[in-house]
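Values in this text are rule-based calculations from the coordinates and carry no lab data. This is a predicted model, so every value here is computed, not measured. So basically every Cβ, Gly included, is an ideal-geometry build from the backbone, and we count neighbours across all protein chains shown.
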Amino acid sequence: MAKFSVVKRADIPASPKTAGRISSRMREYEKYIDGLKANEGGKLVPDEGETARGLALRISRAAKRQGKEVDTRVVGGAVYFTIE
């Protein structure tokens, strides 16, 4: 079982910086969102070693970081998304 203790807020260490590869991937998905115009949607097809569900999760997280709402649908192994 985990051990719980109370600490002062000032004693909590800062979050580690995001690794370069991860932040690069995050920017990639943010670019997909930014590339959409008002009446457009996006389609992502997984590459080898990726899953459609993983792509949907990444695009959802990217939208959340930008303060946008996204509607994702996984159909036929591809991810379709629109920004609300």
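Numbers below:
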item	result
Count of residues meeting criterion [within 30 Å of PHE81 (Cα to Cα), of a type in the set (D, E, K, R) and exposed (fewer than 10 other Cβ atoms within 10 Å of the Cβ)] in segment 1-26	2
GLY42 vs. criteria surrounded by fewer than 13 Cβ atoms within 10 Å (Cβ to Cβ) and closer than 23 Å to ILE83 by Cα	no
Residue count for segment 1-12, restricted to those that are among the basic types (Lys, Arg) and in a helix (DSSP H, G or I)	1
Meets criteria (out of contact with any Ser or Thr (no Cβ under 6 Å at 6 or more places or on another chain), of a type in the set (A, V, I, L, M, F, W, C) and loosely packed, with under 12 Cβ neighbours inside 10 Å) for ALA63	no
Inter-residue pairs, beta-carbon under 8 Å, first over 16 Å from GLY35 (Cβ atoms) and in segment 48-71, second acidic (Asp, Glu) and exposed (fewer than 12 other Cβ atoms within 10 Å of the Cβ), 6+ apart	GLU69/GLU84; ASP71/GLU84
